[in-house]
Amino acid sequence: PSVPRHTNRLINEKSPYLLQHAHNPVDWYPWGQEAFDKAKTENKLIFLSVGYSTCHWCHVMEEESFKSKEIGEIMNEHYVCIKVDREERPDVDKVYMTFVQATSGGGGWPMSVWLTPDLKPFAGGTYFPPEDGVHRVGFRTVLLRIAEQWKENKDALLESSQRILEALRHTSEICVQGQESPPPAKEVMDTCFQQLSRSYDEDYGGFSKSPKFPTPVNLNFLFTYWALNRTTPEGARALQMALHTLKMMAHGGIHDHIGQGFHRYSTDQHWHVPHFEKMLYDQGQLAAMYSRAFQISGDEFFADVVRDILLYVSRDLSDQAGGFYSAEDADSYPTTTSREKQEGAFCVWAAEELRALLPDPVQGATEGTTLGDIFMHHYGVEEAGNVDPMKDPHQELKGKNVLISRCSPELTAARFGLEPVRLSALLQECRQRLSSARAQRPRPHLDTKMLAAWNGLMISGFAQAGAALAEQGYVSRAAQAAAFLRTHLFDPDSGRLLRSCYRGKDNSVEQSTVPIQGFLEDYVFVIQALFDLYEASLEQGWLEWALHLQHMQDKLFWDPKGFAYFSTEGGDPSLLLRLKDDQDGAEPTPNSVSVTNLLRAACYSGHMDWMEKAGKILAAFSERLQKIPITLPEMVRATALFHHTVKQVVVCGDPQGEDTKEMLHCVRSVFSPNKVLMVADGDSTGFLYRQLPFLASLERKDGKATAYICSNFTCSLPVTSVQELREMLSP
């Protein structure tokens, strides 16, 4: 029907996820005072549902339960129902996910939690099927049982929720123990390397059997471990583990060979059948990882993957105002006439479809060979489909193929009697044809919410790629996105970041009626991005903004008693816990990145109290870093940088001069994890000279661009040779 039967309060929200639920028969409320007041006034329990717009199982639970008139009536009668977009409100998500993980041993989305009217959790889980099954209690049963308990045993439930909250407060506290100092770098690095090495998959790369996630934090750690241990067998193994993982991912089905970019994770050990959604935070971090792989190895293969990721983001995840969208869904309609969406429908292929699209005979190849033969052989296509039924529980991929590079180009070329260069051109032609065919299919849903934190990760990806590949266009795209953040996600009056903005009608950029203030992760990833962008562009305005935001982060989130940063500001009565994340996951935890940010900030400003703060974060996490460093690989990496002292690489010269450009290219082409780059251009009125008076004493030697390597503002002898500079940059 063109007119929806039901419309609830979510129709007034901006979040694509909340809008997806605006026509459910459930009387949903957004997270806020109106819902809290209703629960208290009517003495009703709260049912809290948390998810995000590209979450497959969130869609399933909506179809099965939240669109059901009967289940909707039960929910509306007994509960005040609240919907939360976890990407918009990570603070709410983290509080209740901490509860669900502590009480059920697992977590995920959709998250379903039952709260007392004063927001204390007492029951929870993730996805519930609508009706009872052999192994699982159905959602309808759970709703009715909990409502009955509230009627019969209200006091016991309230008492239980209070006990649970106290226990969570106690177990989730992270603070410095006594006189604890930062843990020793070598032991922590070695333990983390050994733990990763034990979980490493020798055949396919990655760090588990299945499911397999890209985990850029592990790769970043391994690159740093190699850089600091280049001459040891362990260092060589660390590099091999990282490069092999990146190669296998790029060959796998987790990599979209036709539409570019990477899917969220692989359901199998071989990186073959992915969960098809694409997240901005993965693209940003993987662009940076493949850039580092290229810096270290010089292998063009990795540079090509960087270009592939950035092409996808520029084309499909970019707002015309300069920001980056959050994600693309896994599910879509197989055809324009389909009634139901299926996972992966936009990306998979039947063998006969490929034969019909690629029928051309190939001149010079083994007799009778068509483009389809070559393409299907190279990408592992099978007549009956190449997806293991065990990885396809809903039979959505039956008879379909997920493309995966099964052979090296050399082997495929040899098999069909072709030169590798010719094969490469033929495969490229095939991919372009399939891309055109795929463009006729209905596209998956695009989440056009723009988040400060994830935009920060993507700006870093573009800036680091621009520096490592010497591609000025990528640096310009990073600068355009940073300008977007300053215009749309920064309040110049308060000096604070905002969390999110949205694509509105006619491609305008809209803000919520009450904007969501930035969280710790927004500050951390944007500050990191601005440092990366300064090093790639040398525009000092980005540096100035980064240092301003670092001061603001300290003011809003620092814990002066227990050290380290809280994830959220204080003073919000609706948040029962003020947490500090203690695990690097799909994204690094903000405190891990903060250590490196603080070290960089100290180098660019001369404020040594930032160096001290970095040490205090490491002290607060010291026990965890020494016992299970594999849970915090990015913080382990930062521990090494803290102890090794960051090098300030200062290039004195005219930024437009060829000799200066050559030196800058040298600095950017070498992977050296413990360096910051700055240019002393002789303008004593500029921001950097005001921050760092010692720059005035550094001069060009013999009128040439000259580099100095400084440590704690004490500098080496001047260097004018690029070769000598390269040697000095290698640890």
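Only one of the listed residues (Arg339, Arg292) is of a type in the set (Lys, Arg), in a loop (DSSP other than H, G, I, E, B) and open to solvent by 30 Å² or more (accessible area, probe 1.4 Å). That residue is Arg339.
The set of residues in the stretch 144-181 that are without any contact (Cβ under 8 Å) to a residue 24 or more places away in the chain and farther than 18 Å from Thr116 by Cβ comprises His170, Gly178, Gln179.
Could you tell me whether Lys151 is charged (D, E, K, R), farther than 27 Å from Glu634 by Cβ and surrounded by 14 or more Cβ atoms within 10 Å (Cβ to Cβ)? Give the steps one after another, and end with the answer.
Values: charged (D, E, K, R): yes; farther than 27 Å from Glu634 by Cβ: yes; surrounded by 14 or more Cβ atoms within 10 Å (Cβ to Cβ): no.
For Lys151, the condition - charged (D, E, K, R), farther than 27 Å from Glu634 by Cβ and surrounded by 14 or more Cβ atoms within 10 Å (Cβ to Cβ) - is not met.
Would you pick out the residues in the stretch 165-190 that are open to solvent by 90 Å² or more (accessible area, probe 1.4 Å), part of a loop (DSSP other than H, G, I, E, B) and closer than 27 Å to Phe221 by Cα? The answer is Glu173, Gln177.
Cβ-Cβ contacts under 6 Å between residues 6 or more apart (or on different chains), taken from a first residue in the stretch 108-123 that is assigned by the TED database to the domain that holds Asn76 to a second residue that is open to solvent by 10 Å² or more (accessible area, probe 1.4 Å) and among the charged types (D, E, K, R), are listed as Pro117/Lys40.
Would a scan of the stretch 522-532 turn up a residue that is within 22 Å of Gly571 (Cβ to Cβ), surrounded by fewer than 24 Cβ atoms within 10 Å (Cβ to Cβ) and not aromatic (Phe, Trp, Tyr)? No, the stretch 522-532 contains no residue that is within 22 Å of Gly571 (Cβ to Cβ), surrounded by fewer than 24 Cβ atoms within 10 Å (Cβ to Cβ) and not aromatic (Phe, Trp, Tyr).
Restricting Asp554, Asp493, Asp581 to those that are among the acidic types (Asp, Glu), over 29 Å from Pro16 (Cβ atoms) and open to solvent by 10 Å² or more (accessible area, probe 1.4 Å) reduces the list to Asp554.
Considering only residues that are crowded, with 23+ Cβ neighbours inside 10 Å and out of contact with any strand residue (DSSP E or B) (no Cβ under 6 Å at 6 or more places or on another chain), look in the stretch 17-51 and name the one that is farthest from Met97 (Cα to Cα). Residue satisfying both the conditions and the ranking: Asn24. Among the conditions (1) aromatic (Phe, Trp, Tyr); (2) open to solvent by 10 Å² or more (accessible area, probe 1.4 Å); (3) under 21 Å from the mean Cα position of the chain (by Cα), Trp226 misses just one, which is (3). Counting the residues of the stretch 370-389 that are surrounded by 13 or more Cβ atoms within 10 Å (Cβ to Cβ) and modelled with pLDDT under 95 gives 1.
Scanning the stretch 676-710 for residues that are within 36 Å of the chain's Cα centre (by Cα) and part of a strand (DSSP E or B) yields Val676, Leu677, Met678, Val679, Ala680, Ala707, Tyr708, Ile709, Cys710.
The requirement of being in contact (Cβ under 8 Å) with a residue 60 or more places away in the chain, among the aliphatic types (A, V, I, L, M), outside the structural domain of Cys715 (by the TED database) and under 16 Å from Arg637 (Cβ atoms) is fulfilled somewhere in the stretch 579-595, by at least one residue. Residue under question is Leu426, and the condition is that it be in contact with a Leu (Cβ under 9 Å, 6 or more places away or on another chain), buried (at least 20 other Cβ atoms within 10 Å of the Cβ) and in a loop (DSSP other than H, G, I, E, B); does it hold? When the stated conditions are applied, Leu426 does not pass them.
Restricting attention to the stretch 58-71, the residues that are open to solvent by 10 Å² or more (accessible area, probe 1.4 Å), touching a Pro at 6+ places or on another chain (Cβ under 6 Å) and in contact (Cβ under 8 Å) with a residue 60 or more places away in the chain add up to 1.
Contact map, the stretch 610-635: residues that are more than 20 Å from Asn220 (Cα to Cα) paired with residues that are open to solvent by 10 Å² or more (accessible area, probe 1.4 Å) and part of a helix (DSSP H, G or I), Cβ distance under 8 Å, separation 6+ or inter-chain. Pairs shown: Lys613/Asp554; Gly615/Phe642.
Considering Leu411, Leu434, Leu427, Leu423, which residue is at pLDDT 95 or above and out of contact with any helix residue (DSSP H, G or I) (no Cβ under 8 Å at 6 or more places or on another chain)?
Leu411
Would you confirm whether or not the stretch 339-352 contains a residue that is free of Cβ contacts under 8 Å to residues at least 40 places away in the same chain and within 29 Å of Phe416 (Cα to Cα)? Looking for residues that are free of Cβ contacts under 8 Å to residues at least 40 places away in the same chain and within 29 Å of Phe416 (Cα to Cα), one finds at least one in the stretch 339-352, hence yes.
The values are calculated or read from the model by the stated rules, or taken from the named source; none is laboratory data. Source: prediction; values computed, not measured. Ideal geometry is used to build each Cβ from the backbone, glycine not excepted, and the neighbour counts take in all protein chains shown. The protein model used for the area step is the full one, side chains on, heavy atoms only, and it has no ligands, DNA or RNA in it. Shrake-Rupley method; radii C 1.70, N 1.55, O 1.52, S 1.80 Å.
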